[in-house]
1. Using a 7 Å offset from the Cα along the Cα-to-Cβ direction at both ALA361 and CYS338, what is the distance between the two label points in nm, to one decimal?
2. How large is the Rg to Rh ratio of segment 527-600 when both quantities use alpha carbon positions and Rh follows Kirkwood?
3. What is the ratio of the Cα radius of gyration of segment 139-194 to 2.2 N^0.38 Å, where N is its residue count, to two decimals?
4. Can you tell me the Rg and Dmax of segment 487-572, counting just the alpha carbons, in angstroms?
5. What Cys residues in the chain are without a partner cysteine, judged by a Cβ distance under 4.7 Å?
6. Where Rh denotes the Kirkwood radius from the mean inverse Cα pair distance, what is Rg over Rh for segment 233-321?
7. How long is the gain from TRP323 to ARG71 if the chain were fully straight, where each residue apart is worth 0.36 nm and the alpha carbon distance is subtracted?
8. From the P(r) of the chain, can you give the percent of Cα pairs sitting at distances over 33 Å?
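The values are calculated or read from the model by the stated rules, or taken from the named source; none is laboratory data. The shown structure was predicted, so the numbers you read here are calculated from the model rather than taken from an experiment. A quick note on method: Cβ atoms are made from the backbone with ideal geometry, for glycine too, and the neighbour counts reach across all protein chains shown. These area figures cover heavy atoms from the full protein model, side chains too; ligands, DNA and RNA do not enter into them. Shrake-Rupley method; radii C 1.70, N 1.55, O 1.52, S 1.80 Å.
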Amino acid sequence: MRNLILRTALLVALTLSTSAFAQTVADATAFITQAEKELAAHSVLSSRANWIKSTYITDDTDALAAEFGARGTEMSVRLAKGAARFDSVKGLSFDVRRKLDFLKQGIVLPAPEKPGAAEELNVIATRLESQYGKGKGTLDGKPINGSDIEDAMGTTRDPDKLKEMWTSWHNNVGTPMRDDYSRLVTIANEGAKELGYVDVGAMWRSGYDMSADDFAREMDRLWMQVKPLYDQLHCYVRAKLHEKYGANVQSATGPIRADLLGNMWAQQWSDIYDVVAPKGVGDVGYDLTALLVEKGYDPIKMVKAGEGFYTSLGLPALPATFWERSQFTKPRDREVVCHASAWDVDNKDDLRIKMCIKVNANDFVVIHHELGHNYYQRAYNQLPFLYLNGAHDGFHEAIGDFIALSITPEYLVQIGLLDAAKVPSADKDLGLLLRQAMDKVAFLPFGLLMDKWRWGVFSGATKPADYQKDWTALRLRYQGIVPPVERAATAFDPGAKYHIPGNTPYARYFLAHILQFQFYKAAADQAGWKGPLHRCSFYGNKAVGDRLNKMLAMGSSKPWPDALEAFTGSRKMDGSAMIAYFQPLMKWLEEQNKGRPCGW
Ligand SMILES: [Zn+2]
(Lines give C-alpha, C1' and ligand atoms only; values in the text may rest on other atoms or scores of the structure.)
Protein backbone atom coordinates (compact mmCIF):
# COMPACT_ATOMS: atom_id res chain seq x y z
CA MET A 1 0.00 0.00 0.00
CA ARG A 2 1.25 3.48 -0.69
CA ASN A 3 -0.05 6.93 -0.21
CA LEU A 4 -1.85 8.19 -3.27
CA ILE A 5 -2.87 11.74 -3.55
CA LEU A 6 -4.06 12.64 -6.98
CA ARG A 7 -5.61 9.51 -8.36
CA THR A 8 -7.85 8.73 -5.43
CA ALA A 9 -10.16 11.73 -5.51
CA LEU A 10 -13.49 10.01 -5.36
CA LEU A 11 -16.36 12.29 -5.99
CA VAL A 12 -16.57 14.89 -8.58
CA ALA A 13 -19.09 17.41 -9.68
CA LEU A 14 -18.48 18.27 -13.24
CA THR A 15 -19.81 21.55 -14.30
CA LEU A 16 -18.81 21.17 -17.88
CA SER A 17 -18.67 24.30 -19.82
CA THR A 18 -20.55 23.44 -22.97
CA SER A 19 -20.14 26.89 -24.37
CA ALA A 20 -17.71 26.06 -27.11
CA PHE A 21 -15.33 28.95 -27.06
CA ALA A 22 -12.23 28.14 -29.01
CA GLN A 23 -9.38 26.49 -27.14
CA THR A 24 -5.89 26.55 -28.55
CA VAL A 25 -2.75 24.49 -28.14
CA ALA A 26 -1.25 27.38 -26.17
CA ASP A 27 -4.28 27.41 -23.84
CA ALA A 28 -3.87 23.69 -23.19
CA THR A 29 -0.18 24.02 -22.45
CA ALA A 30 -0.77 26.91 -20.09
CA PHE A 31 -3.58 24.99 -18.42
CA ILE A 32 -1.30 22.02 -17.73
CA THR A 33 1.49 24.21 -16.38
CA GLN A 34 -0.90 25.87 -13.99
CA ALA A 35 -2.54 22.58 -12.99
CA GLU A 36 0.77 20.92 -12.14
CA LYS A 37 1.82 23.91 -10.07
CA GLU A 38 -1.41 23.88 -8.12
CA LEU A 39 -1.43 20.12 -7.62
CA ALA A 40 2.17 20.02 -6.46
CA ALA A 41 1.63 22.75 -3.91
CA HIS A 42 -1.53 21.09 -2.62
CA SER A 43 0.04 17.66 -2.51
CA VAL A 44 2.82 18.64 -0.10
CA LEU A 45 0.47 20.30 2.40
CA SER A 46 -2.07 17.53 2.05
CA SER A 47 0.60 14.87 2.66
CA ARG A 48 1.76 16.65 5.78
CA ALA A 49 -1.81 16.85 7.08
CA ASN A 50 -2.38 13.19 6.28
CA TRP A 51 0.89 12.13 7.82
CA ILE A 52 0.12 13.73 11.13
CA LYS A 53 -3.46 12.46 11.00
CA SER A 54 -2.14 8.91 10.54
CA THR A 55 0.57 9.10 13.18
CA TYR A 56 -1.28 11.17 15.80
CA ILE A 57 -5.02 10.66 15.57
CA THR A 58 -7.05 13.40 17.24
CA ASP A 59 -10.23 15.28 16.34
CA ASP A 60 -8.06 18.15 15.16
CA THR A 61 -5.74 16.17 12.94
CA ASP A 62 -8.78 14.38 11.49
CA ALA A 63 -10.43 17.70 10.74
CA LEU A 64 -7.31 19.12 9.10
CA ALA A 65 -6.86 16.06 6.91
CA ALA A 66 -10.54 16.15 5.95
CA GLU A 67 -10.18 19.81 4.98
CA PHE A 68 -7.27 19.03 2.68
CA GLY A 69 -9.17 16.06 1.30
CA ALA A 70 -12.09 18.29 0.40
CA ARG A 71 -9.80 20.85 -1.22
CA GLY A 72 -8.14 18.06 -3.20
CA THR A 73 -11.48 16.78 -4.43
CA GLU A 74 -12.56 20.27 -5.45
CA MET A 75 -9.29 20.69 -7.33
CA SER A 76 -9.58 17.34 -9.13
CA VAL A 77 -13.11 18.21 -10.20
CA ARG A 78 -12.13 21.56 -11.54
CA LEU A 79 -9.09 20.20 -13.36
CA ALA A 80 -10.92 17.22 -14.89
CA LYS A 81 -13.57 19.60 -16.14
CA GLY A 82 -10.94 21.95 -17.46
CA ALA A 83 -9.05 19.14 -19.18
CA ALA A 84 -12.18 17.90 -20.97
CA ARG A 85 -12.48 21.30 -22.67
CA PHE A 86 -9.42 20.45 -24.76
CA ASP A 87 -10.79 17.13 -26.07
CA SER A 88 -11.20 18.36 -29.60
CA VAL A 89 -8.09 20.52 -29.79
CA LYS A 90 -5.80 19.21 -32.51
CA GLY A 91 -2.01 19.35 -32.58
CA LEU A 92 -1.32 18.93 -28.86
CA SER A 93 2.07 17.53 -27.92
CA PHE A 94 2.29 13.99 -26.58
CA ASP A 95 2.92 15.26 -23.06
CA VAL A 96 0.10 17.78 -22.97
CA ARG A 97 -2.40 15.25 -24.32
CA ARG A 98 -1.19 12.60 -21.85
CA LYS A 99 -1.41 14.94 -18.89
CA LEU A 100 -4.90 16.09 -19.90
CA ASP A 101 -5.98 12.45 -19.97
CA PHE A 102 -4.48 11.87 -16.52
CA LEU A 103 -6.44 14.83 -15.18
CA LYS A 104 -9.66 13.42 -16.64
CA GLN A 105 -8.89 10.01 -15.15
CA GLY A 106 -8.01 11.50 -11.77
CA ILE A 107 -11.53 10.82 -10.56
CA VAL A 108 -13.16 7.48 -9.93
CA LEU A 109 -16.83 8.49 -9.90
CA PRO A 110 -17.68 11.58 -11.92
CA ALA A 111 -20.99 13.36 -11.28
CA PRO A 112 -22.80 15.13 -14.11
CA GLU A 113 -23.43 18.83 -14.29
CA LYS A 114 -27.14 18.87 -13.47
CA PRO A 115 -28.14 20.45 -10.16
CA GLY A 116 -28.02 18.20 -7.14
CA ALA A 117 -26.29 15.29 -8.88
CA ALA A 118 -22.92 15.76 -7.19
CA GLU A 119 -24.54 16.04 -3.76
CA GLU A 120 -26.66 12.93 -4.35
CA LEU A 121 -23.68 10.92 -5.56
CA ASN A 122 -21.66 12.08 -2.59
CA VAL A 123 -24.40 11.11 -0.13
CA ILE A 124 -24.82 7.66 -1.68
CA ALA A 125 -21.10 6.89 -1.87
CA THR A 126 -20.55 8.03 1.70
CA ARG A 127 -23.52 5.99 2.90
CA LEU A 128 -22.29 2.85 1.12
CA GLU A 129 -18.82 3.17 2.55
CA SER A 130 -20.06 3.79 6.07
CA GLN A 131 -22.54 0.90 5.83
CA TYR A 132 -19.64 -1.34 4.97
CA GLY A 133 -17.55 0.02 7.82
CA LYS A 134 -20.29 -0.55 10.35
CA GLY A 135 -21.29 -3.90 8.86
CA LYS A 136 -21.64 -6.93 11.10
CA GLY A 137 -22.25 -10.61 10.59
CA THR A 138 -23.05 -13.17 13.25
CA LEU A 139 -21.25 -16.09 14.83
CA ASP A 140 -23.24 -18.39 17.11
CA GLY A 141 -26.07 -15.90 16.72
CA LYS A 142 -24.01 -13.04 18.20
CA PRO A 143 -22.98 -9.95 16.19
CA ILE A 144 -19.37 -9.88 15.02
CA ASN A 145 -17.69 -6.92 13.28
CA GLY A 146 -15.88 -6.85 9.95
CA SER A 147 -12.29 -7.41 10.98
CA ASP A 148 -13.20 -10.07 13.55
CA ILE A 149 -15.36 -11.97 11.11
CA GLU A 150 -12.54 -11.86 8.57
CA ASP A 151 -10.20 -13.42 11.11
CA ALA A 152 -12.78 -15.98 12.15
CA MET A 153 -13.30 -17.08 8.54
CA GLY A 154 -9.59 -17.92 8.48
CA THR A 155 -9.48 -19.90 11.71
CA THR A 156 -12.90 -21.58 11.98
CA ARG A 157 -13.13 -25.14 10.66
CA ASP A 158 -16.76 -25.87 11.54
CA PRO A 159 -18.74 -25.74 8.27
CA ASP A 160 -21.97 -24.69 9.98
CA LYS A 161 -20.31 -21.75 11.67
CA LEU A 162 -18.57 -20.82 8.43
CA LYS A 163 -21.91 -20.92 6.63
CA GLU A 164 -23.50 -18.76 9.31
CA MET A 165 -20.74 -16.13 9.11
CA TRP A 166 -20.66 -16.10 5.31
CA THR A 167 -24.42 -15.86 4.93
CA SER A 168 -25.02 -13.29 7.67
CA TRP A 169 -22.21 -11.06 6.38
CA HIS A 170 -23.46 -11.13 2.80
CA ASN A 171 -27.09 -10.62 3.86
CA ASN A 172 -26.45 -7.89 6.43
CA VAL A 173 -23.79 -5.91 4.60
CA GLY A 174 -24.45 -6.48 0.91
CA THR A 175 -28.21 -6.75 0.48
CA PRO A 176 -29.22 -3.30 1.84
CA MET A 177 -26.83 -1.59 -0.62
CA ARG A 178 -28.51 -2.78 -3.78
CA ASP A 179 -30.75 0.17 -4.61
CA ASP A 180 -28.15 2.74 -3.62
CA TYR A 181 -25.60 1.05 -5.84
CA SER A 182 -27.86 1.03 -8.85
CA ARG A 183 -28.59 4.75 -8.37
CA LEU A 184 -24.87 5.46 -8.04
CA VAL A 185 -24.22 3.68 -11.32
CA THR A 186 -26.82 5.78 -13.13
CA ILE A 187 -25.46 9.09 -11.86
CA ALA A 188 -21.77 8.31 -12.34
CA ASN A 189 -22.39 7.06 -15.87
CA GLU A 190 -23.91 10.42 -16.79
CA GLY A 191 -20.81 12.10 -15.41
CA ALA A 192 -18.50 9.81 -17.38
CA LYS A 193 -20.40 10.61 -20.59
CA GLU A 194 -19.90 14.32 -19.99
CA LEU A 195 -16.17 13.66 -19.72
CA GLY A 196 -16.28 11.93 -23.09
CA TYR A 197 -16.37 8.27 -22.00
CA VAL A 198 -19.02 5.70 -22.95
CA ASP A 199 -19.55 4.76 -19.29
CA VAL A 200 -17.63 4.61 -16.00
CA GLY A 201 -16.21 1.16 -16.79
CA ALA A 202 -14.78 2.42 -20.08
CA MET A 203 -13.35 5.40 -18.22
CA TRP A 204 -11.58 3.11 -15.77
CA ARG A 205 -10.24 0.99 -18.61
CA SER A 206 -8.94 4.04 -20.46
CA GLY A 207 -5.89 4.44 -18.21
CA TYR A 208 -3.82 1.71 -19.84
CA ASP A 209 -2.49 3.21 -23.07
CA MET A 210 -4.88 1.10 -25.16
CA SER A 211 -8.56 1.17 -26.03
CA ALA A 212 -11.04 0.14 -23.34
CA ASP A 213 -11.99 -2.94 -25.39
CA ASP A 214 -8.39 -3.94 -25.99
CA PHE A 215 -7.72 -3.66 -22.28
CA ALA A 216 -10.63 -5.98 -21.47
CA ARG A 217 -9.22 -8.49 -23.97
CA GLU A 218 -5.75 -8.09 -22.47
CA MET A 219 -7.08 -9.05 -19.04
CA ASP A 220 -8.67 -12.18 -20.55
CA ARG A 221 -5.47 -13.09 -22.37
CA LEU A 222 -3.43 -12.88 -19.17
CA TRP A 223 -6.02 -14.93 -17.31
CA MET A 224 -5.92 -17.68 -19.94
CA GLN A 225 -2.14 -17.88 -19.52
CA VAL A 226 -2.37 -18.61 -15.80
CA LYS A 227 -5.68 -20.50 -15.67
CA PRO A 228 -4.14 -23.99 -16.02
CA LEU A 229 -2.29 -23.43 -12.75
CA TYR A 230 -5.45 -22.20 -11.03
CA ASP A 231 -7.36 -25.24 -12.31
CA GLN A 232 -4.81 -27.63 -10.79
CA LEU A 233 -4.81 -25.75 -7.48
CA HIS A 234 -8.62 -25.73 -7.41
CA CYS A 235 -8.71 -29.47 -8.12
CA TYR A 236 -6.23 -30.29 -5.36
CA VAL A 237 -7.80 -28.02 -2.72
CA ARG A 238 -11.28 -29.33 -3.53
CA ALA A 239 -10.11 -32.91 -2.99
CA LYS A 240 -8.57 -31.98 0.38
CA LEU A 241 -11.74 -30.19 1.48
CA HIS A 242 -13.76 -33.21 0.41
CA GLU A 243 -11.47 -35.46 2.49
CA LYS A 244 -11.78 -33.21 5.52
CA TYR A 245 -15.46 -32.36 5.46
CA GLY A 246 -17.10 -35.25 3.57
CA ALA A 247 -19.45 -35.21 0.61
CA ASN A 248 -22.31 -33.57 2.49
CA VAL A 249 -20.25 -30.41 2.87
CA GLN A 250 -17.90 -30.53 -0.14
CA SER A 251 -18.54 -32.72 -3.11
CA ALA A 252 -15.55 -34.39 -4.80
CA THR A 253 -16.59 -32.80 -8.09
CA GLY A 254 -18.00 -29.47 -9.20
CA PRO A 255 -17.42 -26.08 -7.60
CA ILE A 256 -16.00 -25.44 -4.12
CA ARG A 257 -18.25 -24.12 -1.36
CA ALA A 258 -17.17 -20.49 -1.02
CA ASP A 259 -17.05 -20.37 2.77
CA LEU A 260 -14.60 -23.26 3.17
CA LEU A 261 -11.54 -21.49 1.71
CA GLY A 262 -10.51 -19.51 4.78
CA ASN A 263 -11.51 -16.09 3.43
CA MET A 264 -14.84 -14.26 3.24
CA TRP A 265 -14.44 -13.74 -0.51
CA ALA A 266 -12.39 -16.88 -1.27
CA GLN A 267 -9.78 -14.50 -2.68
CA GLN A 268 -6.79 -15.85 -0.77
CA TRP A 269 -6.69 -19.35 0.65
CA SER A 270 -3.49 -19.58 2.67
CA ASP A 271 -5.42 -19.49 5.95
CA ILE A 272 -6.52 -23.07 5.28
CA TYR A 273 -3.01 -24.17 4.38
CA ASP A 274 -3.09 -26.52 7.38
CA VAL A 275 -6.13 -28.28 5.86
CA VAL A 276 -4.45 -28.98 2.53
CA ALA A 277 -0.77 -29.31 3.48
CA PRO A 278 0.47 -32.81 2.72
CA LYS A 279 2.49 -34.48 5.46
CA GLY A 280 6.21 -33.83 5.28
CA VAL A 281 5.77 -31.12 2.67
CA GLY A 282 4.18 -28.58 4.96
CA ASP A 283 7.39 -27.64 6.76
CA VAL A 284 9.49 -25.05 4.91
CA GLY A 285 12.64 -26.06 6.78
CA TYR A 286 13.44 -22.81 8.59
CA ASP A 287 11.55 -20.22 10.55
CA LEU A 288 12.37 -16.65 9.51
CA THR A 289 10.75 -15.15 12.60
CA ALA A 290 12.93 -17.31 14.83
CA LEU A 291 16.03 -16.35 12.82
CA LEU A 292 15.28 -12.64 13.21
CA VAL A 293 14.90 -13.03 16.96
CA GLU A 294 17.95 -15.25 17.25
CA LYS A 295 20.16 -12.76 15.40
CA GLY A 296 19.00 -9.88 17.56
CA TYR A 297 17.06 -7.97 14.92
CA ASP A 298 15.01 -5.00 16.11
CA PRO A 299 12.65 -2.92 13.91
CA ILE A 300 15.40 -0.52 12.78
CA LYS A 301 17.74 -3.35 11.93
CA MET A 302 14.96 -4.93 9.88
CA VAL A 303 14.47 -1.70 7.91
CA LYS A 304 18.25 -1.40 7.43
CA ALA A 305 18.20 -4.91 5.97
CA GLY A 306 15.44 -3.86 3.57
CA GLU A 307 17.40 -0.77 2.54
CA GLY A 308 20.41 -3.03 2.11
CA PHE A 309 18.58 -4.99 -0.56
CA TYR A 310 18.11 -1.88 -2.67
CA THR A 311 21.58 -0.44 -2.08
CA SER A 312 23.05 -3.82 -3.03
CA LEU A 313 21.49 -3.24 -6.46
CA GLY A 314 23.32 0.08 -6.69
CA LEU A 315 20.40 2.28 -5.67
CA PRO A 316 21.25 5.12 -3.26
CA ALA A 317 20.92 4.89 0.51
CA LEU A 318 17.76 6.37 2.01
CA PRO A 319 18.06 10.01 3.11
CA ALA A 320 18.75 10.90 6.75
CA THR A 321 15.23 12.34 7.03
CA PHE A 322 13.81 8.89 6.30
CA TRP A 323 15.28 7.65 9.56
CA GLU A 324 14.22 10.76 11.48
CA ARG A 325 10.66 11.07 10.20
CA SER A 326 9.37 7.54 9.59
CA GLN A 327 7.12 5.79 12.07
CA PHE A 328 8.73 2.40 12.59
CA THR A 329 7.05 1.24 15.78
CA LYS A 330 3.73 1.82 17.48
CA PRO A 331 3.94 4.82 19.85
CA ARG A 332 2.97 3.98 23.42
CA ASP A 333 0.99 7.11 24.13
CA ARG A 334 -1.29 7.87 21.20
CA GLU A 335 -3.53 6.42 18.50
CA VAL A 336 -1.98 5.81 15.07
CA VAL A 337 -2.85 4.00 11.85
CA CYS A 338 -0.70 0.88 11.91
CA HIS A 339 -1.57 -0.27 8.39
CA ALA A 340 1.77 -0.18 6.53
CA SER A 341 2.27 2.55 3.94
CA ALA A 342 5.07 4.35 2.09
CA TRP A 343 5.15 8.11 1.62
CA ASP A 344 6.98 10.75 -0.35
CA VAL A 345 5.84 13.89 1.42
CA ASP A 346 7.57 16.53 -0.71
CA ASN A 347 7.58 14.51 -3.96
CA LYS A 348 11.37 14.80 -3.92
CA ASP A 349 13.23 13.07 -1.14
CA ASP A 350 11.14 13.26 2.02
CA LEU A 351 10.57 9.51 1.95
CA ARG A 352 9.01 7.74 4.90
CA ILE A 353 7.38 4.51 5.90
CA LYS A 354 4.65 4.25 8.46
CA MET A 355 4.43 0.89 10.18
CA CYS A 356 4.09 -0.70 13.59
CA ILE A 357 6.92 -3.12 13.03
CA LYS A 358 7.09 -6.31 15.02
CA VAL A 359 10.09 -8.58 14.79
CA ASN A 360 8.60 -11.30 12.62
CA ALA A 361 8.79 -12.76 9.13
CA ASN A 362 5.67 -11.03 7.88
CA ASP A 363 6.86 -7.54 8.77
CA PHE A 364 10.30 -8.30 7.31
CA VAL A 365 8.55 -8.99 3.99
CA VAL A 366 6.29 -5.93 4.32
CA ILE A 367 9.33 -3.67 4.90
CA HIS A 368 10.90 -4.85 1.64
CA HIS A 369 7.57 -4.21 -0.09
CA GLU A 370 7.05 -0.70 1.29
CA LEU A 371 10.60 0.36 0.48
CA GLY A 372 9.85 -0.68 -3.11
CA HIS A 373 7.30 2.14 -3.22
CA ASN A 374 9.84 4.58 -1.73
CA TYR A 375 12.51 3.65 -4.26
CA TYR A 376 10.01 3.96 -7.10
CA GLN A 377 8.93 7.40 -5.84
CA ARG A 378 12.50 8.52 -5.56
CA ALA A 379 13.52 7.19 -8.97
CA TYR A 380 10.92 9.35 -10.76
CA ASN A 381 11.20 12.43 -8.54
CA GLN A 382 12.72 14.57 -11.32
CA LEU A 383 9.60 14.31 -13.48
CA PRO A 384 6.76 16.84 -13.77
CA PHE A 385 4.02 16.39 -11.16
CA LEU A 386 1.53 14.51 -13.33
CA TYR A 387 4.17 11.88 -14.13
CA LEU A 388 4.98 11.11 -10.48
CA ASN A 389 3.31 7.74 -10.66
CA GLY A 390 3.70 4.11 -11.66
CA ALA A 391 3.77 3.23 -15.37
CA HIS A 392 0.17 2.05 -14.90
CA ASP A 393 -1.69 1.45 -11.68
CA GLY A 394 -0.53 -2.16 -11.40
CA PHE A 395 3.17 -1.27 -11.39
CA HIS A 396 3.61 0.27 -7.95
CA GLU A 397 2.28 -2.70 -6.00
CA ALA A 398 4.05 -5.11 -8.32
CA ILE A 399 7.43 -3.54 -7.55
CA GLY A 400 7.05 -4.02 -3.82
CA ASP A 401 5.79 -7.56 -4.25
CA PHE A 402 8.52 -8.43 -6.72
CA ILE A 403 11.18 -7.44 -4.20
CA ALA A 404 9.30 -9.37 -1.51
CA LEU A 405 9.43 -12.48 -3.74
CA SER A 406 13.19 -12.13 -3.63
CA ILE A 407 13.34 -13.01 0.06
CA THR A 408 14.54 -16.50 -0.74
CA PRO A 409 16.68 -18.80 1.44
CA GLU A 410 19.64 -17.86 -0.78
CA TYR A 411 19.10 -14.17 0.02
CA LEU A 412 18.81 -14.90 3.73
CA VAL A 413 22.18 -16.64 3.53
CA GLN A 414 23.70 -13.66 1.72
CA ILE A 415 22.65 -11.26 4.46
CA GLY A 416 23.78 -13.59 7.23
CA LEU A 417 20.38 -14.54 8.58
CA LEU A 418 20.47 -18.18 7.57
CA ASP A 419 23.44 -20.57 7.68
CA ALA A 420 24.26 -21.93 4.23
CA ALA A 421 24.18 -25.44 5.68
CA LYS A 422 20.57 -24.90 6.70
CA VAL A 423 19.21 -23.96 3.29
CA PRO A 424 16.32 -26.39 2.91
CA SER A 425 16.48 -29.07 0.26
CA ALA A 426 14.30 -28.58 -2.80
CA ASP A 427 11.62 -31.03 -1.60
CA LYS A 428 10.81 -28.60 1.20
CA ASP A 429 9.92 -25.98 -1.40
CA LEU A 430 6.62 -27.58 -2.31
CA GLY A 431 5.12 -26.51 0.99
CA LEU A 432 6.36 -22.96 0.51
CA LEU A 433 5.14 -22.85 -3.08
CA LEU A 434 1.76 -24.33 -2.22
CA ARG A 435 1.18 -21.79 0.51
CA GLN A 436 2.26 -18.96 -1.78
CA ALA A 437 0.04 -20.22 -4.60
CA MET A 438 -2.93 -20.30 -2.22
CA ASP A 439 -2.55 -16.53 -1.95
CA LYS A 440 -1.14 -15.42 -5.28
CA VAL A 441 -2.68 -17.91 -7.70
CA ALA A 442 -6.00 -18.27 -5.89
CA PHE A 443 -6.37 -14.49 -6.07
CA LEU A 444 -6.27 -14.24 -9.87
CA PRO A 445 -9.84 -15.12 -10.88
CA PHE A 446 -11.21 -12.97 -8.07
CA GLY A 447 -8.95 -10.09 -9.09
CA LEU A 448 -10.30 -10.45 -12.61
CA LEU A 449 -14.01 -10.79 -11.92
CA MET A 450 -14.40 -7.84 -9.53
CA ASP A 451 -14.10 -5.36 -12.38
CA LYS A 452 -15.60 -7.69 -14.99
CA TRP A 453 -18.79 -7.50 -12.95
CA ARG A 454 -18.57 -3.72 -12.63
CA TRP A 455 -17.78 -3.22 -16.31
CA GLY A 456 -20.99 -5.12 -17.08
CA VAL A 457 -22.94 -3.09 -14.55
CA PHE A 458 -21.66 0.26 -15.85
CA SER A 459 -22.19 -0.71 -19.49
CA GLY A 460 -25.75 -1.85 -18.79
CA ALA A 461 -25.05 -5.45 -19.88
CA THR A 462 -25.89 -6.40 -16.29
CA LYS A 463 -29.22 -4.85 -15.28
CA PRO A 464 -30.01 -4.12 -11.60
CA ALA A 465 -32.38 -7.12 -11.58
CA ASP A 466 -29.40 -9.33 -12.55
CA TYR A 467 -26.78 -7.86 -10.19
CA GLN A 468 -26.82 -10.92 -7.95
CA LYS A 469 -27.34 -13.55 -10.65
CA ASP A 470 -24.46 -12.24 -12.76
CA TRP A 471 -22.15 -11.94 -9.74
CA THR A 472 -22.81 -15.55 -8.74
CA ALA A 473 -22.32 -16.63 -12.35
CA LEU A 474 -18.93 -14.90 -12.59
CA ARG A 475 -17.84 -16.41 -9.28
CA LEU A 476 -18.74 -19.83 -10.62
CA ARG A 477 -17.24 -19.31 -14.05
CA TYR A 478 -13.87 -17.88 -12.96
CA GLN A 479 -13.32 -19.03 -9.38
CA GLY A 480 -15.27 -22.28 -9.55
CA ILE A 481 -17.04 -21.52 -6.28
CA VAL A 482 -20.66 -21.45 -5.13
CA PRO A 483 -22.34 -19.75 -2.17
CA PRO A 484 -23.02 -22.11 0.78
CA VAL A 485 -26.73 -21.28 0.52
CA GLU A 486 -29.13 -20.37 -2.29
CA ARG A 487 -28.94 -16.61 -2.93
CA ALA A 488 -32.11 -14.61 -3.47
CA ALA A 489 -32.29 -12.56 -6.67
CA THR A 490 -32.68 -9.52 -4.40
CA ALA A 491 -29.39 -10.17 -2.57
CA PHE A 492 -26.33 -8.05 -3.36
CA ASP A 493 -23.24 -10.10 -2.59
CA PRO A 494 -20.83 -7.73 -4.41
CA GLY A 495 -21.58 -5.12 -1.72
CA ALA A 496 -20.09 -7.44 0.89
CA LYS A 497 -16.61 -6.79 -0.54
CA TYR A 498 -15.12 -3.43 0.48
CA HIS A 499 -13.93 -2.27 -2.95
CA ILE A 500 -17.49 -2.28 -4.39
CA PRO A 501 -19.12 0.10 -1.87
CA GLY A 502 -15.71 1.81 -1.54
CA ASN A 503 -15.58 2.31 -5.33
CA THR A 504 -11.97 1.27 -5.76
CA PRO A 505 -11.09 -0.11 -9.20
CA TYR A 506 -9.64 -3.58 -8.91
CA ALA A 507 -7.95 -4.54 -12.20
CA ARG A 508 -4.71 -3.08 -10.80
CA TYR A 509 -4.46 -5.88 -8.24
CA PHE A 510 -4.83 -8.55 -10.89
CA LEU A 511 -2.15 -6.85 -13.00
CA ALA A 512 0.18 -6.45 -10.04
CA HIS A 513 -0.07 -10.19 -9.39
CA ILE A 514 0.96 -10.96 -12.96
CA LEU A 515 3.66 -8.28 -13.21
CA GLN A 516 5.51 -9.12 -10.00
CA PHE A 517 6.45 -12.53 -11.40
CA GLN A 518 7.37 -11.05 -14.76
CA PHE A 519 9.71 -8.59 -13.02
CA TYR A 520 11.15 -11.36 -10.88
CA LYS A 521 11.85 -13.61 -13.84
CA ALA A 522 13.41 -10.71 -15.76
CA ALA A 523 15.75 -10.08 -12.83
CA ALA A 524 16.61 -13.78 -12.61
CA ASP A 525 17.36 -13.93 -16.34
CA GLN A 526 19.54 -10.83 -16.17
CA ALA A 527 21.39 -12.28 -13.21
CA GLY A 528 22.00 -15.47 -15.18
CA TRP A 529 20.22 -17.58 -12.57
CA LYS A 530 20.24 -21.25 -13.47
CA GLY A 531 18.39 -22.91 -10.57
CA PRO A 532 14.65 -23.16 -9.96
CA LEU A 533 13.18 -19.71 -10.52
CA HIS A 534 11.58 -19.43 -7.10
CA ARG A 535 15.00 -19.84 -5.47
CA CYS A 536 16.67 -16.97 -7.28
CA SER A 537 18.42 -14.19 -5.43
CA PHE A 538 19.73 -11.22 -7.38
CA TYR A 539 20.91 -9.48 -4.22
CA GLY A 540 24.02 -7.45 -5.01
CA ASN A 541 23.47 -7.51 -8.77
CA LYS A 542 24.09 -3.98 -10.01
CA ALA A 543 23.20 -4.77 -13.62
CA VAL A 544 19.71 -5.76 -12.50
CA GLY A 545 19.56 -2.60 -10.41
CA ASP A 546 20.53 -0.45 -13.40
CA ARG A 547 17.79 -1.80 -15.61
CA LEU A 548 15.25 -1.71 -12.84
CA ASN A 549 16.06 1.90 -12.18
CA LYS A 550 15.52 2.76 -15.87
CA MET A 551 11.95 1.50 -15.61
CA LEU A 552 11.29 3.18 -12.28
CA ALA A 553 12.70 6.52 -13.40
CA MET A 554 10.17 6.72 -16.24
CA GLY A 555 7.30 7.08 -13.78
CA SER A 556 4.14 7.46 -15.84
CA SER A 557 5.79 9.72 -18.40
CA LYS A 558 5.68 7.12 -21.19
CA PRO A 559 3.14 4.50 -22.26
CA TRP A 560 3.63 1.56 -19.88
CA PRO A 561 5.01 -0.82 -22.55
CA ASP A 562 8.04 1.49 -22.79
CA ALA A 563 8.64 1.19 -19.06
CA LEU A 564 8.08 -2.57 -19.07
CA GLU A 565 10.52 -2.96 -21.95
CA ALA A 566 13.17 -0.88 -20.20
CA PHE A 567 13.40 -3.49 -17.46
CA THR A 568 12.16 -6.77 -18.91
CA GLY A 569 12.89 -6.32 -22.63
CA SER A 570 9.25 -7.14 -23.39
CA ARG A 571 6.46 -4.74 -24.32
CA LYS A 572 3.74 -7.17 -23.28
CA MET A 573 2.54 -8.20 -19.86
CA ASP A 574 3.15 -11.90 -19.54
CA GLY A 575 1.62 -14.51 -17.23
CA SER A 576 4.09 -17.20 -18.28
CA ALA A 577 6.64 -16.02 -15.69
CA MET A 578 4.17 -16.93 -12.95
CA ILE A 579 3.76 -20.37 -14.50
CA ALA A 580 7.56 -20.77 -14.61
CA TYR A 581 7.86 -19.72 -10.97
CA PHE A 582 5.33 -22.31 -9.83
CA GLN A 583 6.54 -25.03 -12.23
CA PRO A 584 7.64 -27.48 -9.50
CA LEU A 585 4.27 -27.04 -7.79
CA MET A 586 2.39 -27.45 -11.07
CA LYS A 587 4.13 -30.76 -11.70
CA TRP A 588 3.43 -31.93 -8.17
CA LEU A 589 -0.23 -30.87 -8.34
CA GLU A 590 -0.69 -32.72 -11.62
CA GLU A 591 0.64 -35.88 -9.98
CA GLN A 592 -1.62 -35.42 -6.97
CA ASN A 593 -4.63 -34.79 -9.19
CA LYS A 594 -4.09 -37.83 -11.39
CA GLY A 595 -7.40 -39.65 -11.75
CA ARG A 596 -9.38 -36.76 -10.30
CA PRO A 597 -11.99 -35.11 -12.52
CA CYS A 598 -10.65 -31.55 -12.44
CA GLY A 599 -12.76 -28.57 -13.42
CA TRP A 600 -16.29 -27.74 -12.37
ZN1 LIG B 1 2.00 -1.59 -1.39
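1. It works out to 2.0 nm between the two label points.
2. 1.14
3. Working: Rg = 16.4 Å, N = 56, 2.2 N^0.38 = 10.2 Å.
Rg over 2.2 N^0.38 Å, computed on Cα atoms: 1.61.
4. Rg then Dmax for segment 487-572, in Å: 18.4, 58.
5. Among the cysteines of the chain, those whose Cβ sits 4.7 Å or more from every other are CYS536.
6. Working: Rg = 20.5 Å, Rh = 16.8 Å.
Result for segment 233-321 is an Rg/Rh of 1.22.
7. Between TRP323 and ARG71, full extension yields 87.7 nm more.
8. 47 percent
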